[in-house]
Amino acid sequence: MFPSMADAAGRTLGDEEIAAVTRVLRSGMLSSVWGTEVRALEREVADLHGVAYAVAASSGTAALHLAVAAAAPDPGDEIITSPISDFGTVAPILAQNAVPVFADVDPFTGNLDVDAVARAIGPRTRAILAVHLFGAPAPVAELRELADRHGLLLIEDCAQAWLTKLPNGRLAGTAGSIGCLSLQQWKHITCGDGGLTLTDDADLARRMRLFADKGWPRDVGRHHVSFGLNYRMTELAGAVARAQLAKLPKVLADRRRTARRLLDALRDLPVRVPPADVDSHAWWLFPLVLPDGGAPEAAAKLQAAGIPARAGYLQEGLHCAPALTEAPIYGGSRFPLTSPPADREPRYGRGACPVAERMIDETLIVIDWNENYTDDHVDAIADAIRGVFR
Ligand SMILES: *Cc1c(COP(=O)(O)O)cnc(C)c1O
């Protein structure tokens with residue numbers, strides 16, 4: 001049996017988290033507006049990343065919504081993002097009445113292709129939202145340069161990329177103007193649901209904090225200075241997240257150690273595993289790319305051998321999700337989605353991102369990864385993969 005992030009054997013929840021929850025309950029204060037846990041979590045996460053501010057939120061999607069709201073697109077403005085991600089990357093764009101524009105990806109990492117992003121920039125582009133897919137560093141230095149050149153904001157979705165290292169030695173989430181993290185059940189560390197944004201910009205931090213708390217600065221009296229929702233994290237979640245944060249370095253060390261063992265075992269097989277640098281990757285999942293295709297058949301054989309593997313990661317790219325291709329968005333209306341200018345490619349549906357489509361349909365396999373895998377687990381996975389490709 002493989003430990004899974006959905007059961008206790010595959011999580012790092014223990015006495016520390018139990019003590020944290022008890023501490024909060026006994027204090028009588030469960031709200032982060034007046035409590036101390038979430039404020040402390042924000043400080044700890046900001047310090048870990050070497051940034052000035054972190055703002056907690058009730059989910060990773062909420063954190064991304066704070067970031068998009070702070071980017072302040074006008075209705076109908078465009079935000080360029082990746083077709084291979086969680087829908088939580090896209091929903092906040094729609095929620096702010098902006099238009100998600102998908103740029104195609106690198107065929108091995110599944111991360112945004114910088115040239116494709118450059119081609120997708122138009123007069124209404126407001127921001128680039130890059131995803132560090134499966135924990136592999138996205139080319140955020142190049143994207144930052146591109147964003148700066150065009151006066152755009154760069155947002156990093158680090159939900160799968162806790163402690164992912166960028167080539168400059170800093171952590172993912174620090175190259176853009178805002179980085180976003182998730183604490184949902186299936187991430188490296190969890191408090192059930194939760195999220196955080198990172199930024200060095202005092203104005204962006206203030207706008208995100210206001211958006212998370214009904215536009216209420218809480219300094220003098222009861223007044224609302226801007227539009228916002230309630231995306232506050234509770235003290236219970238914050239206290240659990242702090243206990244989990246203390247365990248994060250070991251979670252990553254363990255995932256990297258076992259990922260290296262599998263990489264070594266796969267060396268002479270016709271699969272590709274990007275990137276070469278094991279210790280930069282966060283190994284949220286372990287991706288295998290079969291350049292010649294056949295991923296669905298190979299994944300089925302791995303599953304039959306008891307390996308927690310799946311082909312494609314998504315059923316379809318986000319650019320093909322019915323939520324974007326056909327469903328109403330507000331009431332009966334499809335606003336803010338509009339047709340692209342006549343000289344541009346269709347935005348959604350098959351054909352819009354052919355590289356991503358081929359990965360999902362033919363070349364990508366993901367294997368569930370876990371910090372509690374033993375060498376025996378890894379060797380069983382390696383044996384099964386060798387069995388498929390022999
Ligand atoms: C999980 C995830 C999200 C959404 O986070 P939630 O906490 O589930 O709302 C967004 N983007 C990516 C890449 C994710 O993996």
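The values are calculated or read from the model by the stated rules, or taken from the named source; none is laboratory data. Because the structure is predicted, anything quoted here is derived from the model rather than measured. With ideal geometry, Cβ positions are generated from the backbone for all residues, glycine too; neighbour counts draw on all protein chains shown.
Just a few scattered comments:
- Of all the numbered requirements in (1) crowded, with 24+ Cβ neighbours inside 10 Å; (2) in contact (Cβ under 8 Å) with a residue 60 or more places away in the chain; (3) within 29 Å of D368 (Cα to Cα), P107 misses one, and that requirement is (1).
- Some residue of segment 11-26 being surrounded by 14 or more Cβ atoms within 10 Å (Cβ to Cβ), in a helix (DSSP H, G or I) and in contact with a Ser or Thr (Cβ under 7 Å, 6 or more places away or on another chain): no
- Of the residues in segment 345-361, at least one is crowded, with 16+ Cβ neighbours inside 10 Å, closer than 26 Å to A6 by Cβ and touching a residue at least 12 places away in the same chain (Cβ under 8 Å).
- Checked against the criterion of being touching a residue at least 24 places away in the same chain (Cβ under 8 Å), in a loop (DSSP other than H, G, I, E, B) and either more than 30 Å from L153 (Cα to Cα) or of a type in the set (V, I, T) (or both), segment 256-269 contains one or more residues that satisfy it.
- Criterion (in contact (Cβ under 8 Å) with a residue 40 or more places away in the chain, under 24 Å from the mean Cα position of the chain (by Cα) and farther than 30 Å from A304 by Cα) met by exactly one of L25, L41: L41
- On inspection, S32 qualifies as more than 16 Å from the ligand (Cβ to nearest atom) and crowded, with 22+ Cβ neighbours inside 10 Å.
- Across segment 218-225, not a single residue is classified as within 11 Å of the ligand (Cβ to nearest atom) and in a loop (DSSP other than H, G, I, E, B).
- Of all residues in segment 171-200, those satisfying the criterion of being more than 9 Å from the ligand (Cβ to nearest atom), in a loop (DSSP other than H, G, I, E, B) and over 22 Å from A253 (Cα atoms) are A175, G176, S177, G192, D200.
One line per residue, one yes/no per condition, for (1) at pLDDT 95 or above; (2) closer than 30 Å to I18 by Cβ; (3) under 19 Å from the mean Cα position of the chain (by Cα):
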site	(1), (2), (3)
H132	yes, no, yes
K165	yes, no, yes
A175	yes, no, yes
K187	yes, yes, yes
G228	yes, no, no
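- With respect to the conditions (1) part of a loop (DSSP other than H, G, I, E, B); (2) of a type outside the set (D, E, K, R); (3) within 21 Å of the chain's Cα centre (by Cα), Y373 lacks only one, and its number is (3).
- Sub-6 Å Cβ pairs linking a first residue in segment 176-192 that is under 21 Å from G50 (Cα atoms) to a second residue that is near the ligand (Cβ under 9 Å from one of its atoms) and of a type in the set (A, V, I, L, M), at least 6 apart or interchain, are C180/A63; C180/L64; S182/A159, ordered by first then second residue.
- Selection status of A241, within 16 Å of the ligand (Cβ to nearest atom) and under 30 Å from D7 (Cα atoms): yes
- Any hit, segment 43-50, residues being away from the ligand (no atom under 16 Å from the Cβ) and either part of a loop (DSSP other than H, G, I, E, B) or more than 29 Å from N168 (Cβ to Cβ) (or both): yes
- Of the helices (runs of 4 or more DSSP H) lying entirely inside segment 53-127, those containing at least 1 residues that are in contact with a Cys (Cβ under 8 Å, 6 or more places away or on another chain) and within 16 Å of the ligand (Cβ to nearest atom) span 60-71.
- Residues within segment 319-344 that are surrounded by fewer than 12 Cβ atoms within 10 Å (Cβ to Cβ) and under 22 Å from the mean Cα position of the chain (by Cα), tallied: 1
- Verdict on A141 being under 16 Å from L198 (Cβ atoms) and either more than 16 Å from the ligand (Cβ to nearest atom) or not in a strand (DSSP E or B) (or both): no
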